[in-house]
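Novice: Got a structure for you, written out below as structure tokens; questions coming shortly.
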Amino acid sequence: MTDRALSEEAMLASLRDIHLPAEAAGGIAADVAAVIGLGCLGALFFAGLIRLLSLRVRKPAPTDPLVAVQDLLEAERRVALLHVLREAAPERYAAIRGAIYAPGGGVDLDTLEAEVRAHA
């Protein structure tokens, strides 16, 4: 180093002489690996963003089980009411369980609805 100060022109000229190497350490393989890595990160980011934007907001389930099964077909309503009765009152479900497979369609739908009203 010298003891005298550099002029502004000398500093700017020395800065212009600084150059990065034309090829990075590791050669073309390092460049390709960096591009692939950045591409994968970008793909993960966009996949997460698309997933976030495509999520649907679920409506809360109705608390009254009779309202929840109102729009179902008769057979599906019967099964849904049996599930509700089994969860709410297992002893009543056990009492009518034998009639489920009886000839003639099993348990009457009105009876099931009355049981669910009484126990759920």
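The values are calculated or read from the model by the stated rules, or taken from the named source; none is laboratory data. These numbers were taken from a predicted model, which means no experiment stands behind them. Cβ placement follows ideal geometry from the backbone for every residue including glycine, while neighbour counts extend to all protein chains displayed. These area figures cover heavy atoms from the full protein model, side chains too; ligands, DNA and RNA do not enter into them. Shrake-Rupley method; radii C 1.70, N 1.55, O 1.52, S 1.80 Å.
Novice: In segment 1-38, which residues are open to solvent by less than 60 Å² (accessible area, probe 1.4 Å) and among the hydrophobic types (A, V, I, L, M, F, W, C)?
Specialist: Ala10, Ala13, Ala24, Ala30, Ala34, listed by residue number.
Novice: Report whether or not Leu82 is of a type in the set (A, V, I, L, M, F, W, C) and open to solvent by 100 Å² or more (accessible area, probe 1.4 Å).
Specialist: No: the conditions fail for Leu82.
Novice: Within segment 39-58, identify whether any single residue is free of Cβ contacts under 8 Å to residues at least 12 places away in the same chain, open to solvent by 100 Å² or more (accessible area, probe 1.4 Å) and among the polar types (S, T, N, Q), and answer yes or no.
Specialist: no
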